[in-house]
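> Mind having a look at this structure? Questions to follow.
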Amino acid sequence: MVDLRSRYLGLDLRSPLVASASPLTGTIDGLRRLEEAGVAAVVLPSLFEEEAGGTAGPEGHGSSPPGHLELVEKARAALSVPVIASLNGVSPGGWTRYAAQLEEAGADALELNVYYISASPGLSGTEVEWRYLDLVRSVRRTIQIPLAVKVSPYFSSITNLAGRLVEVGARGLVLFNRFYQPDLDVETLEVVPRLELSTSAELRLPLRWIAILHGRVAASLAASTGVHTAEDAVKALLAGADVVMMTSALLRHGPDHLRTVEAGLRGWLERHGHHLGEVRGRLSQRAIGDPAAYERANYLRMLASHPTPVDG
C-alpha cells in the first residue's frame, strides 16, 4: 500500500489530510468521528479574544476561554492524532496570554488565525505587515510548541512577507485565510452575514502561492480553501503543500468523505507509480520548465484561450 505519511510543523502525520476549524472540530463527538474516518490532524475552532469575558460563542465553537481550554484538554486526551489549537486575538497581550494557556492545555501546535481588516486610510501596508510580524514574534517568545500562521492573500508581496514571518518564528504557513464577505439586504437595508462554503475553483489562489513559496521558505505549507476532492489534494501536493486542510467538503459530506479523498489519493499515486515524496513540489515554480506559468504569462494565456461569442 502507498505510504502517505507526512510531516507538518515537525509533527508526524499518517497522511497529509487535515481537518481545519469547523463545527465538526468543535465537539469531542465530531473530533472522534474525524479520527475514525482517518484524519491525520485536527485544527480546533479559534479562541476569539472578544469572547474572553465569558460570553458564549457560536454553537460548537468552544465559548469562553475556560470552555475552550477544556475542549483542548479533552481533545488531547481523546485523540491519538495531533491537536492544533487556533487563536484569533485582538490585543498584543491577548495573543500572548491565550497562546500560553492553549499550550498549557495540551495543544500540540498553535495556529494564529490572523483575521485583520485594515479599513483605516491612515494605516499603510508596511504598518499592517509590521503588526503581523510583531504578533508572531511575541507569541513565538511565549510558547514552545510549533507555531503556524494563517495569512491573508491581500498583501502586495506575499513572498517577502512569508519569508519574514518565518524569520520571526513561524514554522508553518496556512494559505489562505478565507475572509467571509458581508452582504447587503436590499429589502431591510442592512448589512448581513452570509456563509457560503468554498468550491474547488477557489483552490487556484493557494495553489499559485504554494507553488511559488515551495523551496523558498523554510516552513511547512498548508493548502486551505478549495480542497474538496482527491484531485484537489493531488494538485496541492504537486504545488508543494505539506498538508491539505478541509472544511467545506467535510461540512457538505461528513467526516467519511475523508475516506473517499484518501482512497482517491492512494489510487492516483498507484496509477502513476509515484510515492508522496516524489509528488510533493513536482509542479512548484522552481521545479517546472516554465516558471512564468505562475506569473503574468498565465494571465495572458487565459484571456487568449476564451472562445469568442458567436452572434445569433
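> Of the candidates HIS272, HIS257, HIS214, which one comes out as most mobile in a Gaussian network treatment of the chain with C-alpha springs shorter than 10 Å?
Highest fluctuation of the listed residues: HIS272.
> At a threshold of 8 angstrom on Cα-Cα distance, excluding pairs fewer than six apart, so keeping six or more, what relative contact order does the chain reach in percent? Show your work: numbers first, answer last.
Working: 574 pairs, mean separation 51.0, N = 312.
Contact order relative to length: 16 percent.
> Using the Karplus curve 6.51 cos²θ - 1.76 cosθ + 1.60 with θ = phi - 60°, what ³J(HN,Hα) values do you get for each residue of the range 18-24, in whole Hz, with x for Gly and Pro?
10, 8, 8, 4, 6, x, 5
> Just how many % of Cα pairs in the chain lie over 36 Å apart, if you round to the nearest whole percent? Display every interim value, and only then the final one.
Numbers: 8476 of 48516 pairs.
Here the tail beyond 36 Å accounts for 17 percent of pairs.
> Short version: ³J(HN,Hα) in whole Hz for each residue of the range 241-256, in order, from phi by Karplus 6.51 cos²θ - 1.76 cosθ + 1.60 (θ = phi - 60°), x for Gly and Pro, what are they?
5, 7, 9, 10, 10, 10, 10, 4, 4, 6, 5, 6, 10, x, x, 5
> Tell me the GluC sites (Glu not before Pro) within the range 130-196 that lie in a loop according to DSSP and have at most 12 other beta-carbon atoms within 10 Å.
Details: sites: GLU167, GLU187, GLU190, GLU196; in loops: GLU187, GLU196.
The qualifying sites are GLU187, GLU196.
> Now, a different point. Rank by packing, highest mean first: peptides 235-245, 279-289, 200-210, with packing defined as the count of other Cβ atoms within 10 Å averaged across residues.
Working: 235-245: 26.2, 279-289: 16.7, 200-210: 19.5.
The peptides rank, most packed first, as 235-245, 200-210, 279-289.
> What does the convex hull of the alpha-carbon atoms of the range 121-242 project to on average, in nm²? Please list the in-between numbers first.
Details: hull surface 39.0 nm².
That works out to 9.8 nm², a quarter of the Cα hull's surface.
> Antiparallel versus total DSSP beta bridges in the chain: what percent is that, nearest 5?
Values: 7 of 36 bridges.
Among the beta bridges of the chain, antiparallel pairing accounts for roughly 20 percent.
> So what's the back-of-envelope 222 nm ellipticity for the chain, counting only DSSP H runs of four-plus at -39500 (n - 2.57) apiece and dividing by all residues, rounded to 500? Let's see the in-between values first.
Numbers: 11 runs with 121 residues, N = 312.
Mean residue ellipticity, 222 nm, calculated: -11500 deg cm²/dmol.
> Now for a separate question. Through the Karplus equation 6.51 cos²θ - 1.76 cosθ + 1.60, θ set to phi - 60°, convert the phi angles of the range 70-87 into ³J(HN,Hα) values in whole Hz; use x for Gly and Pro.
Ordered by residue, 3J(HN,Hα) equals 5, 4, 4, 4, 5, 5, 5, 6, 8, 10, 9, 8, x, 10, 9, 7, 10, 9 Hz.
> Also, I was wondering about something else. Between the range 143-205 and the range 270-293, what's the alpha-carbon centroid distance in Å?
Measuring centre to centre over Cα atoms gives 25 Å.
> Would you grab the residues whose amide H sits under 5 Å from the one on SER86? Only those 5+ places off in sequence or on another chain, please, with H modelled 1.01 Å from N.
Residues meeting the amide H criterion: LEU44, LEU47, GLU111.
> Right, here's the next one. Please check: in the Gaussian network model of the chain (C-alpha springs, under 10 Å), which one of PRO45, PRO153, PRO182 has the largest mean-square fluctuation.
Highest fluctuation of the listed residues: PRO182.
None of the figures in this text is laboratory data; all of them are computed from the coordinates on show. Please read all numbers here as calculations on a predicted model, not as lab measurements. Backbone-built Cβ (ideal geometry, glycine too); neighbour counts: all protein chains shown.
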